[in-house]
Amino acid sequence: MRLLWNRFRADRSAVFGAVVAGLLVLLAITAPLLTALEGQDTTSFHNDLVDSARGGVPLGGFGGISPQHWFGVEPQTGRDLFARIAEGAQVSLLVAICATLVEVLLGVAVGLLAGLSGKLVDALLSRVTDIAIAFPVTVFSLALLAIVPETFPRPLLVAVVIGVFGWGGTARITRAQALSLRTRDFVAAARLSGASGWRVARREILPGLAAPVITYGALLLPTNLIAEAGLSFLGVGVRPPTSSWGQMLSSATTWFRSDPVYVLLPAFMVFLTVLSFTLFGEGVRIALDPRSTRLSRKAA
Amino acid sequence: MLGYVVRRLLGAIAVMLAMSAVVYVLFYLMPANPAQLVCGPKTCTADRLAMVEHSLGLDEPLYVQYWHFLSGLVVGRDFSSGPSVLHCPAPCLGYSFQYTEPVLDKILEALPVSLSIVIGAALLWLTFGIGAGVLSALRRGRWLDHAVNVVVLGGFAVPAFITSLLLLMVFCVYLQWLPFPSYVPFDEDPLGWAQNLVLPWIVLALVQLPPYVRLSRSGVLETLTEDHIRTARAYGLTERRVIGRHALRGALSPLITVAAADIAAVLTASMLTETAFGLPGLGRLMVQSVNQIDLPMVVGMTLLIGFVIVLCNAIADVLYAVVDRRVRVA
Amino acid sequence: MSDVVSVRDLTIDFRTEGGTLRAVDGLSFQLGAGRALGIVGESGSGKSATALALLGLHRGTNATVDGHVEVLGTELNAATDEQVRRLRGSRIAMVFQDPLSALDPFFSVGDQIAEVYRAHTNASRRAARARAVQVLDRVGIAEAARRVDAFPHEFSGGMRQRALIAMALSCQPQVLVADEPTTALDVTVQAQILDLIHELRTETGMALLLVTHDLAVAAGNVDEVLVMQGGHAVERGPAESVLTEPSQGYTRDLVASIPRLDAPRDRPARESPAEPLMRVLDVHQHFRIGSRLTGAKLHAVDGVSLDVLRGEALGVVGESGSGKTTLARMMVRLLTPTSGQILFEGNEISAMPERRLRALRGDLQMVFQDPVSSLNPRRTIGDSIADPLRVRGESDEKVLRRKVQQLLEQVGLDPERFDRYPHEFSGGQRQRVGIARALVLRPKLLVCDEPVSALDVSTQAQVIRLLAQLRTEFDLTLVFVAHDLAVVRQVSDRVVVMRSGQVVESGETDELYGNPTHPYTKSLLAAVPVLDPELARQRRAERGKV
């Protein structure tokens, strides 16, 4: 354990990623608090702060940044941008985390079952996994999200859809690891002591899965975040008035000439989040990387 | 070898069948009123609705409906109600009542645009991605390696549509080096075609690059530690042969499978790029269909894309078996 | 005659995560033209590092090579990359331990040999291919013209090694460096390969540097022996003197640890007649390779019947593919026989459902071969040993700890180290932990599947002694499965010889080893390398006549 921690600490980019990711999570959790601190909220229109003569461009430089509006205001509506960005953080991270959890849980369950069962069950589950991997997540999500009625809570739906279509990768690596562990002698030894299949799976196989699954999961998070942003950008993800960074970007496209801050802000937030989580994930991967012990019989 | 190919193809067909079943169930059975959705929630008229209901055979048992759906895929289908008949030639992916055209036709219209974008970008990201990865592995630790790492990380962290927006802003609005992308068909004006596509190509390539760089780099690094590379050196082969002939083969073969599995991601990313640039490709078609809730369009496209992915995976497996003969026994 | 290889004060350091590791420290030796030198040592002795240094293969790695290494007149440390490249493969060639990983899986064997040939001569493609066929034929690969296009994974282990030797031969080198060339091979194949190398040397006058852990292999194949330990040269001299009358303590201990076919054995007195503890009756194990319905059928065990008498040590010996491991696993019901019966204390266990079998599990235990994979790396050794008790329902941690510590002491380990992890122990120690785990349930039958094959010779001897000791202490019946005939002889009262899934011969140890009746047993015994160089020469001559 300590060795992993030391290795992780030595990796500067990983630590940077971890710190920034942590800050972002903090932002997401305390979003309502911070917004209240600012004295604003996500929905009130401030028409007085936008110049309706010029099509609704915010007054003041940089999109209307001021002590009352830390990130400025939205064009046309005058809604406080900081509040919307903070809420966007909450929504986007929540969706991404939920989706990742769904993918990991489903993937590990299927992969474990496939890897530890007999040939028939394995073949069947592998086929199912193949199908899951082959489904184009975004395309399918697009399609599904279009027909499900609006009454269903949207962010949850998005998370579930992304999760349910994305568990294939986790299942595959879980299965591979389970298959490899299954043939190890210590598993045989456990069976020899009379342990039931379930006990063997729990005590001997599951711990061995931790490393690859954590590594893979850490990198799934940013992918799911991008997926959600993409879907919201296309208009089928999180719907207004709930704000999401992807959604903000989609409305921002018309404004990049006159109010670049409106575009750059959510773009930067997405970039920062994905980058920090990716660096963190990479750091985890490198710290956990098993040393390849090629134990040839009599290595000199 | 033949046996392997046959097995793979059969497997692919099985997966496609399963996929079509899942798609059919999800889209035609779950919604409360599929006929309404198919007819078009906004543009439907009463007798059209009747025609739709009849042609969908909603009063028929489930498996018959599915059978019509499946057979339509192979031999075509006719949607009729009384005097008028709408013919949907094989392979019939569905009939869009909103566009009053077979789904396939609309897809074929939008296809050249999407293909132009994807193929152009693919050439870019494959050459640069693999090239950068291999070079950075060979020049490990030096500035090239670090520079490549940064680009890779950056490319990955910024989603396609954001990059598109940023590039648009910089190159079309501020610097005004390139025109606002709109599609010019190749046969009309090759230069214009290329000019308009440069930005989408760059955007898509940047997004797709990172995994290739990373995988080819780690592939080369790993292969270099393997025993048979040591043997090649031990027998006095030139470094160029050792790397070029022996190391690269082992390092790059896994990329074939990755490239195929990547098709899904490519299609997705290109859809987003198209939307950001406003190009009339499959991406825009899909988004429009979703917004209009044109069910046959949406279903047809989803199915087609799914099939393409499955097929590409199967082809990749076969290609891999060609390169690495040990796989054929499996 | 001049020296083809001259090494003075060779020092090799490896830069690792934990610091600098000195693999070789001030080593000096010479190899005369046409002569054969054996470098012998256990793992960590630095012998492989030395061999690699002779081809300059440490260049560009994280190893620093100091000292004077002269090969065929070229000083390697001072030479340019190009000079070294020209030497490699053409004047000095190397044969590696594992031919499957040493050969490139993406190219045919012929392609690889031809490529080497063309790298050092200006031969055309056709001429190079012809040469490839020629050398493949010379090393004894039948139908060389056809097999030249085969891929490495299509060859058997022995043939692959021949192919690698063919590659080494292709440019007619003056020195052949062989790094554990037969370690991964069956004993009969090993004898063939070593005979082949001997033949080739006689024909071409090649010098040989043979690196091996097996003193007996060295005995039969080299003129001079150099014993290494911890990077130093411990002893050096003509094979006869070093191996039969070693002067250094280390060498003496090494020689003494080697189980020998001709050494006297002491047998604990056994009460007879003993009744069978386990009876194996016409047991079969069939596997299907590939698809379930159409794959080829593999008869891993093809009709084996034997008895294991109470209190005895039964040795099961065979080469790879003989089915001995499959049989061992069936005996402890890790595998269910496809057909046949296994009776344990009169109970039929071969088809017993798992639930009922659980009660008997404690009586049937196994010690595994690989010390790396036999212990869960994420659990302390104390947990690994205590687990079987936990499964049985014991939950009192104090009781468990006491039992664990007791066992650790009995297997010769420090009882205070029960909370350490497997990677903190050496291979031999890990095997002891494995034995402790197997004994914690007080089994009646202990099946050992190659328990010492992955260990150094000196550690081997210790573990074998431990097993003998525990056998009496715990009143065990032992089944000892191994491929090493000498080891099996040392441990067993009775021996069973297996081949291709069937029992070929069985009998009392002395009887079987002294007067083998079956031709296969005879060929096995004839192939075992012996420590006496003179005897080795005689046996080679005999093998040549067959």
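The values are calculated or read from the model by the stated rules, or taken from the named source; none is laboratory data. None of these values were measured; they are calculated from a predicted model. Glycine gets a Cβ as well: all are built from the backbone with ideal geometry, and neighbour counts include every protein chain shown. Just so you know, the surface numbers come from the protein's heavy atoms only, side chains and all, with ligands and any DNA or RNA stripped out. Shrake-Rupley method; radii C 1.70, N 1.55, O 1.52, S 1.80 Å.
Taking the stretch C:320-332 as the range and being at pLDDT 90 or above and either aromatic (Phe, Trp, Tyr) or open to solvent by 20 Å² or more (accessible area, probe 1.4 Å) (or both) as the test, the residues that pass are C:Thr325, C:Thr326, C:Arg329.
Residue-wise test of (1) under 30 Å from B:Thr100 (Cα atoms); (2) in contact (Cβ under 8 Å) with a residue 40 or more places away in the chain; (3) of a type in the set (Ser, Thr, Tyr); (4) out of contact with any strand residue (DSSP E or B) (no Cβ under 8 Å at 6 or more places or on another chain).
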| position | (1), (2), (3), (4) |
| --- | --- |
| B:Val198 | no, no, no, yes |
| B:Leu209 | no, yes, no, yes |
| B:Tyr235 | no, no, yes, no |
| B:Arg249 | no, yes, no, yes |
| B:Val298 | yes, yes, no, yes |
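To keep it simple, each residue is scored yes or no on (1) out of contact with any strand residue (DSSP E or B) (no Cβ under 8 Å at 6 or more places or on another chain); (2) assigned to a strand (DSSP E or B); (3) closer than 17 Å to A:Ala189 by Cα.
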{"site": "C:Leu408", "(1), (2), (3)": "yes, no, no"}
{"site": "C:Arg420", "(1), (2), (3)": "yes, no, no"}
{"site": "C:His423", "(1), (2), (3)": "yes, no, no"}
{"site": "C:Ala438", "(1), (2), (3)": "no, no, yes"}
{"site": "C:Leu441", "(1), (2), (3)": "no, no, yes"}
{"site": "C:Cys448", "(1), (2), (3)": "no, yes, yes"}
{"site": "C:Pro451", "(1), (2), (3)": "no, no, yes"}
{"site": "C:Leu455", "(1), (2), (3)": "yes, no, no"}
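Restricting to the stretch A:239-251, give me the number of residues that are touching a residue at least 12 places away in the same chain (Cβ under 8 Å) and surrounded by fewer than 24 Cβ atoms within 10 Å (Cβ to Cβ). Residues in the stretch A:239-251 being touching a residue at least 12 places away in the same chain (Cβ under 8 Å) and surrounded by fewer than 24 Cβ atoms within 10 Å (Cβ to Cβ): 4 in total. Mind listing just one residue for me: the one in the stretch C:35-45 that is surrounded by fewer than 24 Cβ atoms within 10 Å (Cβ to Cβ) and within 8 Å of another protein chain (Cβ to nearest Cβ) and, of those, farthest from the chain's Cα centre (by Cα)? Once the filter is applied, the top-ranked residue is C:Gly44. When C:Glu409, C:Glu397 are screened for being under 26 Å from C:Val479 (Cα atoms), more than 9 Å from chain A (Cβ to nearest Cβ) and open to solvent by 60 Å² or more (accessible area, probe 1.4 Å), only C:Glu409 passes. Specify the residue that is most open to solvent (accessible area, probe 1.4 Å); the eligible residues are those in the stretch B:150-162 that are assigned to a helix (DSSP H, G or I), facing chain A (nearest Cβ under 9 Å) and in contact (Cβ under 8 Å) with a residue 24 or more places away in the chain. For the stretch B:150-162, the residue satisfying everything is B:Phe156. More than 8 Å from every other protein chain (Cβ to nearest Cβ) and surrounded by 21 or more Cβ atoms within 10 Å (Cβ to Cβ): does that describe C:Phe344? Judged against the criteria, C:Phe344 is a match.
Please return the ranges of helices (runs of 4 or more DSSP H) entirely within the stretch C:46-165 where 2 or more residues are out of contact with any strand residue (DSSP E or B) (no Cβ under 9 Å at 6 or more places or on another chain) and more than 14 Å from chain A (Cβ to nearest Cβ). Let's see the steps before the verdict.
On the way: elements: C:47-53, C:81-87, C:99-102, C:109-120, C:125-138, C:144-147.
Result: C:81-87, C:109-120, C:125-138, C:144-147.
Scanning the stretch B:255-262 for residues that are in contact with a strand residue (DSSP E or B) (Cβ under 7 Å, 6 or more places away or on another chain) and surrounded by 18 or more Cβ atoms within 10 Å (Cβ to Cβ) turns up nothing.
Regarding B:Ala261, is this residue part of a helix (DSSP H, G or I), under 30 Å from C:Ser108 (Cα atoms) and within 14 Å of chain C (Cβ to nearest Cβ)?
Numbers: part of a helix (DSSP H, G or I): yes; under 30 Å from C:Ser108 (Cα atoms): yes; within 14 Å of chain C (Cβ to nearest Cβ): no.
For B:Ala261, the condition - part of a helix (DSSP H, G or I), under 30 Å from C:Ser108 (Cα atoms) and within 14 Å of chain C (Cβ to nearest Cβ) - is not met.
Sort through B:Ile243, B:Ile202 and tell me the only one that's more than 9 Å from every other protein chain (Cβ to nearest Cβ), modelled with pLDDT of 80 or more, under 21 Å from C:Asp111 (Cβ atoms) and part of a helix (DSSP H, G or I).
Numbers: B:Ile202 fails: under 21 Å from C:Asp111 (Cβ atoms).
Exactly one of B:Ile243, B:Ile202 is more than 9 Å from every other protein chain (Cβ to nearest Cβ), modelled with pLDDT of 80 or more, under 21 Å from C:Asp111 (Cβ atoms) and part of a helix (DSSP H, G or I), namely B:Ile243.
Does the stretch C:464-485 contain any residue that is among the small types (Gly, Ala, Ser), out of contact with any Asp or Glu (no Cβ under 9 Å at 6 or more places or on another chain) and under 25 Å from C:Ser384 (Cβ atoms)?
Step one: list which residues in the stretch C:464-485 are among the small types (Gly, Ala, Ser), which gives C:468, C:482.
Next, from what is left, pick out any that are out of contact with any Asp or Glu (no Cβ under 9 Å at 6 or more places or on another chain): C:468.
Subset that is under 25 Å from C:Ser384 (Cβ atoms): C:468.
Yes, because at least one residue in the stretch C:464-485 is among the small types (Gly, Ala, Ser), out of contact with any Asp or Glu (no Cβ under 9 Å at 6 or more places or on another chain) and under 25 Å from C:Ser384 (Cβ atoms).
Okay, residues lined up against (1) among the hydrophobic types (A, V, I, L, M, F, W, C); (2) surrounded by 22 or more Cβ atoms within 10 Å (Cβ to Cβ):
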{"residue": "C:Arg420", "(1), (2)": "no, no"}
{"residue": "C:Gly427", "(1), (2)": "no, no"}
{"residue": "C:Val433", "(1), (2)": "yes, yes"}
{"residue": "C:Gln462", "(1), (2)": "no, no"}
{"residue": "C:Phe474", "(1), (2)": "yes, no"}
{"residue": "C:His483", "(1), (2)": "no, no"}
{"residue": "C:Ser492", "(1), (2)": "no, yes"}
{"residue": "C:Arg499", "(1), (2)": "no, no"}
{"residue": "C:Gln502", "(1), (2)": "no, no"}
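Collect the residues in the stretch B:230-240 that are surrounded by fewer than 20 Cβ atoms within 10 Å (Cβ to Cβ) and either assigned to a helix (DSSP H, G or I) or among the basic types (Lys, Arg) (or both), keeping them in residue-number order. B:Glu239, B:Arg240, listed by residue number.
Could you look through the stretch A:102-134, keep only residues that are among the β-branched types (Val, Ile, Thr) and under 15 Å from A:Ala178 (Cβ atoms), and pick out the one that is surrounded by the fewest Cβ atoms within 10 Å (Cβ to Cβ)?
In the first step, residues of the stretch A:102-134 are kept if they are among the β-branched types (Val, Ile, Thr); the result is A:102, A:104, A:108, A:110, A:121, A:128-129, A:131, A:133.
Applying the additional criterion that residues be under 15 Å from A:Ala178 (Cβ atoms) yields A:104, A:108, A:110, A:121, A:129.
Working: A:Val104: 21, A:Val108: 22, A:Val110: 22, A:Val121: 12, A:Thr129: 22.
If we take residues in the stretch A:102-134 being among the β-branched types (Val, Ile, Thr) and under 15 Å from A:Ala178 (Cβ atoms), then A:Val121 is surrounded by the fewest Cβ atoms within 10 Å (Cβ to Cβ).
Of the residues in the stretch A:88-103, not one is within 12 Å of another protein chain (Cβ to nearest Cβ) and more than 25 Å from A:Thr35 (Cα to Cα). In the stretch C:365-387, the condition of being within 11 Å of chain A (Cβ to nearest Cβ), in a strand (DSSP E or B), touching a residue at least 24 places away in the same chain (Cβ under 8 Å) and of a type in the set (A, V, I, L, M) is met by at least one residue.
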